[in-house]
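Visitor: Sharing a structure, written as structure tokens. Questions coming.
The values are calculated or read from the model by the stated rules, or taken from the named source; none is laboratory data. Because the structure is predicted, anything quoted here is derived from the model rather than measured. Heads up, the Cβs are rebuilt from the backbone with ideal geometry, glycines too, and the neighbour counts pull from every protein chain shown.
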Amino acid sequence: MSTANKFRALGLAIAAVIFVADQWLKRFVVEDLGLTAIGDHYPLLPFFDFTRTNNYGVSLGMFEATSMEMRWVLVGVTGLIACVVLYLMLRERRLGDIAAYALILGGALGNIRDRFSFGYVIDFADFHIGEFRPFLIFNVADAAISIGVVIILARALFMREKPDDEQSPA
């Protein structure tokens with residue numbers, strides 16, 4: 001197996017781990033901690049709690065699904081985006097890019113499953129400094145997607161490939 005194929009297999013494994021971790025934590029928060037209603041709260045640290053909320057939208061709550069039709073449109077659109085991300089990940093050869101796409105893919109699949117099953121995405125991670133909340137309440141999938149996007153942007157901005165004439169020895 002080529003190195004690129006090993007990296008791709010690792011990428012699929014990373015996506016699977018993100019998906020499983022996201023779904024397990026959501027189940028833990030809802031079933032084991034009993035955070036079943038919006039606003040249910042479980043304090044963990046002085047700056048981090050589990051606080052249950054349901055996100056009917058995508059990306060910071062935008063494009064909220066206010067009807068059953070919109071729910072399925074969001075499932076379809078996010079599913080299509082996940083397919084594009086999978087395609088891009090399987091085209092890549094570099095581990096850094098593959099890992100970033102894997103984070104996005106695993107997170108997208110976790111949120112798609114929620115939206116498919118419930119009509120909304122379960123969010124629970126509540127980072128705060130006193131009453132100040134620098135982020136909306138999020139979940140593992142959201143964090144993975146955000147980290148993956150930041151990695152892709154950083155690699156695109158700061159990691160330039162050398163032109164072919166610089167790569168070959170003189």
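Visitor: Could you tell me how many of the residues in region 138-152 are within 22 Å of F28 (Cα to Cα), surrounded by fewer than 22 Cβ atoms within 10 Å (Cβ to Cβ) and touching an Asp or Glu at 6+ places or on another chain (Cβ under 8 Å)?
Guide: 1
Visitor: Within region 120-151, how many residues are hydroxyl-bearing (S, T, Y) and farther than 20 Å from L105 by Cβ?
Guide: Initially, region 120-151 is screened for residues hydroxyl-bearing (S, T, Y), giving 120, 146.
Restricting the remaining residues to those that are farther than 20 Å from L105 by Cβ gives 120.
Adding up the residues that qualify gives 1.
Visitor: What do you reckon, is I81 within 14 Å of the chain's Cα centre (by Cα), buried (at least 19 other Cβ atoms within 10 Å of the Cβ) and of a type in the set (V, I, T)?
Guide: no
Visitor: Residues of region 45-78 being surrounded by 11 or more Cβ atoms within 10 Å (Cβ to Cβ) and part of a strand (DSSP E or B), which ones?
Guide: Those that are surrounded by 11 or more Cβ atoms within 10 Å (Cβ to Cβ) and part of a strand (DSSP E or B): F48, D49, F50, T51, R52, T53, N54, N55, V58.
Visitor: Shifting gears a bit: For region 93-118, which residues satisfy the criterion of being over 16 Å from G57 (Cα atoms) and surrounded by fewer than 19 Cβ atoms within 10 Å (Cβ to Cβ)?
Guide: R93, R94, L95, G96
Visitor: Can you spot a residue in region 56-67 that is under 22 Å from the mean Cα position of the chain (by Cα), among the β-branched types (V, I, T) and modelled with pLDDT under 95?
Guide: Within region 56-67, one or more residues are under 22 Å from the mean Cα position of the chain (by Cα), among the β-branched types (V, I, T) and modelled with pLDDT under 95.
Residue-by-condition table, conditions (1) closer than 30 Å to S2 by Cα; (2) in a helix (DSSP H, G or I); (3) in contact (Cβ under 8 Å) with a residue 60 or more places away in the chain; (4) acidic (D, E):
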| residue | (1), (2), (3), (4) |
| --- | --- |
| A16 | yes, yes, yes, no |
| F19 | yes, yes, yes, no |
| G39 | no, no, no, no |
| V84 | yes, yes, no, no |
| D97 | yes, yes, no, yes |
| Y101 | yes, yes, yes, no |
| I104 | yes, yes, no, no |
| G110 | yes, yes, yes, no |
| D114 | no, yes, yes, yes |
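Visitor: If you check L157 against the conditions, is it surrounded by fewer than 19 Cβ atoms within 10 Å (Cβ to Cβ), of a type outside the set (S, T, Y), in a loop (DSSP other than H, G, I, E, B) and out of contact with any Gly (no Cβ under 6 Å at 6 or more places or on another chain)?
Guide: No.
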